[in-house]
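Step one of this worksheet: look at the structure below.
The values are calculated or read from the model by the stated rules, or taken from the named source; none is laboratory data. Since we're looking at a predicted model, the values are computed, not measured. Note: ideal-geometry Cβ built from the backbone for every residue, glycine included; neighbour counts use all protein chains shown.
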Amino acid sequence: MDLTSKSEDLGKKEALVIVDMQNDNVGSFCIPIIPKIRLLIEKARKKGAIIVYACDSRYGDDELFRMIGIEPHTIRGTKGARVIAELDPQPGDIIVEKRMLSAFFGTDLDFTLRQKRVKRVIITGIRTEACLLKTVLDAFELGYEVLVPQDACASPSIQNHEATLKSLEILKIQQSKAEELLES
């Protein structure tokens, strides 16, 4: 698959969606993907693409914590809920606060992207097998052309990461390396 031709139309009809790269969520497993996401952000900015930060935004007593069996994190208004400094959002970027796994579920992201005539979304971030996967699947079902840069998403479990990417192949969801998207 020739993805370099796809990168040439990176622009107003495209959005880069960065999932859950927040202080409370980012761990050592994220270190390799941060530079890749930064490069994608720089390229997207140069091409005038829309940049979206899809961020966990929870209340301390959110039911999701109990359902999944995890400790409360990314509580609204706390430092832990902020995007990491290395990926600092700029004026004009879109911040989507999400209370569930998908950036589309219960948010206005779909409406916003359609209003901006976005047809293609590049989805990066964490966790490959959870929030990233759910966001990818919702984007796919909503009719967007979806691309996942394999080396710009991560999970604490490499097995879960690889299994999720393999599952996306079944749906013919495009995958690439970040560098392929950066070629002009």
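Limited to the range 84-108, what total is found for residues that are among the acidic types (Asp, Glu), assigned to a loop (DSSP other than H, G, I, E, B) and at pLDDT 95 or above? So that I can check it myself, show each step before the final result.
Pass one, the range 84-108, residues among the acidic types (Asp, Glu): 86, 88, 93, 97, 108.
The next check asks that each one be assigned to a loop (DSSP other than H, G, I, E, B); those that pass are 88, 93, 108.
From what is left, the residues that are at pLDDT 95 or above are 93, 108.
Total satisfying the criteria: 2.
So Lys79 ticks every box in (1) over 16 Å from the mean Cα position of the chain (by Cα); (2) surrounded by 15 or more Cβ atoms within 10 Å (Cβ to Cβ); (3) among the charged types (D, E, K, R) but one. Which box is left unticked?
(2)
Let me spell it out: the conditions are (1) in a loop (DSSP other than H, G, I, E, B); (2) of a type in the set (A, V, I, L, M, F, W, C); (3) loosely packed, with under 14 Cβ neighbours inside 10 Å, and Phe111 meets all of them except one. Which number is the exception?
Of (1) in a loop (DSSP other than H, G, I, E, B); (2) of a type in the set (A, V, I, L, M, F, W, C); (3) loosely packed, with under 14 Cβ neighbours inside 10 Å, only one is false for Phe111: (1).
Residues in the range 16-54 that are buried (at least 20 other Cβ atoms within 10 Å of the Cβ) and more than 14 Å from the chain's Cα centre (by Cα): how many?
Residues meeting the conditions: 1.
Name the pairs: first residue in the range 114-131 and at pLDDT 95 or above, second residue surrounded by fewer than 23 Cβ atoms within 10 Å (Cβ to Cβ) and among the aromatic types (Phe, Trp, Tyr), Cβ to Cβ under 7 Å, at least 6 apart or on different chains?
Lys119/Tyr144; Arg120/Tyr144; Val121/Tyr144
Which of the following residues is in contact with a Leu (Cβ under 6 Å, 6 or more places away or on another chain), without any contact (Cβ under 8 Å) to a residue 40 or more places away in the chain and over 16 Å from Ala85 (Cβ atoms): Lys47, Lys43?
Exactly one of Lys47, Lys43 is in contact with a Leu (Cβ under 6 Å, 6 or more places away or on another chain), without any contact (Cβ under 8 Å) to a residue 40 or more places away in the chain and over 16 Å from Ala85 (Cβ atoms), namely Lys47.
In this structure, does Ala163 turn out to be small (Gly, Ala, Ser), farther than 24 Å from Ile84 by Cα, out of contact with any Ser or Thr (no Cβ under 7 Å at 6 or more places or on another chain) and in contact (Cβ under 8 Å) with a residue 12 or more places away in the chain?
yes
Residue by residue, here is whether (1) out of contact with any helix residue (DSSP H, G or I) (no Cβ under 8 Å at 6 or more places or on another chain); (2) among the hydrophobic types (A, V, I, L, M, F, W, C) holds:
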| site | (1), (2) |
| --- | --- |
| Thr74 | no, no |
| Gly77 | yes, no |
| Gly92 | yes, no |
| Gln115 | yes, no |
| Arg127 | no, no |
| Glu162 | yes, no |
| Lys166 | yes, no |
| Gln175 | no, no |
| Ala178 | no, yes |
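Mind checking which residues of the range 119-132 are under 21 Å from Glu14 (Cβ atoms), surrounded by fewer than 24 Cβ atoms within 10 Å (Cβ to Cβ) and of a type in the set (A, V, I, L, M)?
none
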